[in-house]
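S.K.: Structure below; questions to follow.
The values are calculated or read from the model by the stated rules, or taken from the named source; none is laboratory data. Computed from a prediction, not measured in an experiment: that's the story for all the values here. Positions of Cβ are generated from backbone atoms using ideal geometry, with glycine treated the same way; all protein chains shown enter the neighbour counts.
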Amino acid sequence: MVDKHGRRMRKLRISLLDACNLRCLYCMPESPVFMPQKDWASAKDLLHITRNLVALGIEEIRLTGGEPLMRRDFVEIVDALSTLPVKTLGLTTNALLLAPYLSMLQHTQLQQLNISLDSLDAKNFKRITRRDALGTVTDAIHTAKALGFTIKINTVVMKGVNDHELPAFVAWSAVHDIPVRFLEVMNIGVMKSQFRERFLSAFDMKAMLKADYRFSKLNDVVDSTSRNFRVSNGAKIGFITSESSPFCTGCSRLRLTPKGQIRPCLFMQEGIDLKSLAPEDYPKALATIIAMKPVGRIPHQPQPMYQIGG
Ligand code: SAM
Ligand code: SF4
């Protein structure tokens, strides 16, 4: 699964559903309309699809959404995917429902948790997510860390909303020994109308921290989406520069929508339904998808992030 630009497709991002129990300002409208559950690819469909994609070279799988832990068959899905010979199986979650799942997840292949946390201040957390849940999320993070899961925090930084919390996140990362990755807000879905007002580049984020901290660059793998640093206070932080310096030239990722459609890129709406495809037809379908993969960043995506899978 190598395209004509030498990019090897080895990562699969699976969106399990579009629904969510938060309403983050940069991701969802206040009253979103979600797809009917009957349209979701079932656990059986997901196993069929991923098994065929793994046979063609996928070696890292990450479950996302919407909020993946809202799927009632989440355990069934993780158990099924745990049977596949992949290097990593990960989950991107807002962690609201995470705590009760942790002891079960300990016994599966799913050991990598990317947890979204955009504020360390309860009021600001509520402003951003439109729900009062900071304590639930941080409790789950600390329990997961104590149980030995590999955790990364994803923090979407918005000018005038949570950029003043950057130093607090750097301090928090050092105290708890948990890496924090600062994400540039992307010009996608609901962000389109406020993008100019809210966008803060990674360059500017770093400039805001430079007076108090020194940064040492860490070595990143070639298809890493994050530029990672060790900070002088001991924190490990990263910047995900999706807007200011997109990582398309090293992109190794394919995406599966909740309906079971494979897409070449977050910024494309075209794809192929894999649910009922016979195993012998996968190589041709994948070749078509990989040939569609753009080389450079498409300016914006009208479809919201929660419908595609962030
Ligand atoms: N609900 C889960 C969560 O929040 O972690 C998984 C789905 S969420 C769509 C996946 C990631 O996309 C989160 O880290 C979220 O912060 C990020 N995201 C959503 N909209 C974004 C935007 N407009 N710009 C940058 N990141 C965004
Ligand atoms: Fe939900 Fe994640 Fe979107 Fe926030 S970013 S609304 S938690 S899907």
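S.K.: Output the residues belonging to the range 46-83 that are polar (S, T, N, Q) and either surrounded by fewer than 17 Cβ atoms within 10 Å (Cβ to Cβ) or within 20 Å of the chain's Cα centre (by Cα) (or both).
M.R.: Once the filter is applied, which keeps residues that are polar (S, T, N, Q) and either surrounded by fewer than 17 Cβ atoms within 10 Å (Cβ to Cβ) or within 20 Å of the chain's Cα centre (by Cα) (or both), the range 46-83 yields Thr50, Thr64, Ser82, Thr83.
S.K.: Okay, moving on. Considering each residue of the range 16-70, count those that are within 16 Å of ligand 2 (Cβ to nearest atom) and part of a strand (DSSP E or B), and give that number. Break it down into steps so the answer makes sense when it comes.
M.R.: Keep residues of the range 16-70 that are within 16 Å of ligand 2 (Cβ to nearest atom), which gives 16-35, 40, 62-70.
Filter again for part of a strand (DSSP E or B), leaving 62-64.
Going through the range 16-70 one residue at a time, the tally reaches 3.
S.K.: Same structure, new question: Does Leu53 count as of a type in the set (A, V, I, L, M, F, W, C) and either within 16 Å of ligand 1 (Cβ to nearest atom) or closer than 20 Å to Ser116 by Cα (or both)?
M.R.: On the way: of a type in the set (A, V, I, L, M, F, W, C): yes; either within 16 Å of ligand 1 (Cβ to nearest atom) or closer than 20 Å to Ser116 by Cα (or both): no.
No: the conditions fail for Leu53.
S.K.: Given (1) more than 17 Å from the chain's Cα centre (by Cα); (2) at positive phi, identify the lone condition not met by Gly189.
M.R.: It fails just one condition, (1).
S.K.: Still on this structure, please answer the following. What is the residue count in the range 189-201 for residues that are aliphatic (A, V, I, L, M) and more than 7 Å from ligand 1 (Cβ to nearest atom)? Outline the logic, then answer.
M.R.: Step one: of the range 189-201, the residues aliphatic (A, V, I, L, M) are 190-191, 200.
Remaining after also requiring more than 7 Å from ligand 1 (Cβ to nearest atom): 190, 200.
Of the residues in that region, 2 qualify.
S.K.: Right, another one. Can you find, within the range 71-108, the residue that is farthest from Gly135 (Cα to Cα) among those that are part of a strand (DSSP E or B) and without any contact (Cβ under 8 Å) to a residue 60 or more places away in the chain? Before the answer, list the steps.
M.R.: Residues of the range 71-108 part of a strand (DSSP E or B): 88-93.
Among the residues that remain, those that are also without any contact (Cβ under 8 Å) to a residue 60 or more places away in the chain are: 88-91, 93.
Values: Thr88: 29, Leu89: 26, Gly90: 23, Leu91: 20, Thr93: 15 Å.
Selected residue: Thr88.
S.K.: I would also like to ask the following. Would the range 161-172 turn up any residue that is closer than 17 Å to Arg23 by Cβ, modelled with pLDDT of 95 or more and within 16 Å of ligand 2 (Cβ to nearest atom)? Write out each step before concluding.
M.R.: To start, the set of residues in the range 161-172 that are closer than 17 Å to Arg23 by Cβ comprises 161-162.
Pick out the ones that are also modelled with pLDDT of 95 or more and you get 161-162.
Cutting the leftovers down to within 16 Å of ligand 2 (Cβ to nearest atom) gives us 161-162.
Yes, that holds for at least one residue.
S.K.: Something else: Only residues that are of a type in the set (Lys, Arg) and closer than 19 Å to Pro29 by Cβ: list them for the range 172-195, please.
M.R.: We begin by selecting, within the range 172-195, every residue of a type in the set (Lys, Arg); these are 181, 192.
Matches in the range 172-195: Lys192 only.
S.K.: Please go through the range 16-45 and give me each residue that is buried (at least 18 other Cβ atoms within 10 Å of the Cβ) and farther than 20 Å from Leu98 by Cβ, ordered by number.
M.R.: Leu25, Tyr26, Trp40, Ala41
S.K.: Right, next: Only one of Lys192, Lys159 is assigned to a helix (DSSP H, G or I) and out of contact with any strand residue (DSSP E or B) (no Cβ under 7 Å at 6 or more places or on another chain); which? Don't jump to the end; show me each part of the working.
M.R.: Details: Lys159 fails: assigned to a helix (DSSP H, G or I).
Answer to the selection: Lys192.
S.K.: Regarding Met186, is this residue hydrophobic (A, V, I, L, M, F, W, C), within 16 Å of ligand 1 (Cβ to nearest atom) and assigned to a loop (DSSP other than H, G, I, E, B)? Let's see the steps before the verdict.
M.R.: Working: hydrophobic (A, V, I, L, M, F, W, C): yes; within 16 Å of ligand 1 (Cβ to nearest atom): yes; assigned to a loop (DSSP other than H, G, I, E, B): yes.
Answer is yes for this residue.
S.K.: Next question. Return yes or no: is Lys284 surrounded by fewer than 19 Cβ atoms within 10 Å (Cβ to Cβ) and more than 23 Å from Asp3 (Cα to Cα)?
M.R.: Working: surrounded by fewer than 19 Cβ atoms within 10 Å (Cβ to Cβ): yes; more than 23 Å from Asp3 (Cα to Cα): no.
Judged against the criteria, Lys284 is not a match.
S.K.: OK, next. Restricting the range 1-15 to residues that are outside any strand (DSSP E or B) and either basic (Lys, Arg) or crowded, with 20+ Cβ neighbours inside 10 Å (or both), which is modelled with the lowest pLDDT?
M.R.: Filtering the range 1-15 for residues outside any strand (DSSP E or B) gives 1, 3-7, 9-10.
Right, trim to either basic (Lys, Arg) or crowded, with 20+ Cβ neighbours inside 10 Å (or both) and you get 4, 7, 9-10.
Values: Lys4: 86, Arg7: 90, Met9: 93, Arg10: 95.
Within the range 1-15, the match that is modelled with the lowest pLDDT is Lys4.
S.K.: Considering only residues of the range 111-135 that are in contact with a Leu (Cβ under 6 Å, 6 or more places away or on another chain) and assigned to a helix (DSSP H, G or I), which is nearest to ligand 2 (Cβ to nearest atom)? Write out each step before concluding.
M.R.: The first filter runs over the range 111-135 and keeps only residues in contact with a Leu (Cβ under 6 Å, 6 or more places away or on another chain), leaving 113, 122, 125, 128-129, 131, 133.
Those left that are additionally assigned to a helix (DSSP H, G or I): 122, 125, 128-129.
Numbers: Ala122: 17, Phe125: 11, Ile128: 9, Thr129: 6 Å.
It comes out as Thr129.
S.K.: If you don't mind, there's one more thing I want to ask. Has the range 276-292 got any residue that is part of a helix (DSSP H, G or I), of a type in the set (Asp, Glu) and either over 25 Å from Phe215 (Cα atoms) or touching a His at 6+ places or on another chain (Cβ under 7 Å) (or both)?
M.R.: Restricting attention to the range 276-292, the residues satisfying the condition of being part of a helix (DSSP H, G or I) are 279-292.
Filter once more, so that each one left must be of a type in the set (Asp, Glu): 280-281.
Filter once more, so that each one left must be either over 25 Å from Phe215 (Cα atoms) or touching a His at 6+ places or on another chain (Cβ under 7 Å) (or both): 280-281.
Scanning the range 276-292, I find at least one residue that is part of a helix (DSSP H, G or I), of a type in the set (Asp, Glu) and either over 25 Å from Phe215 (Cα atoms) or touching a His at 6+ places or on another chain (Cβ under 7 Å) (or both), so the answer is yes.
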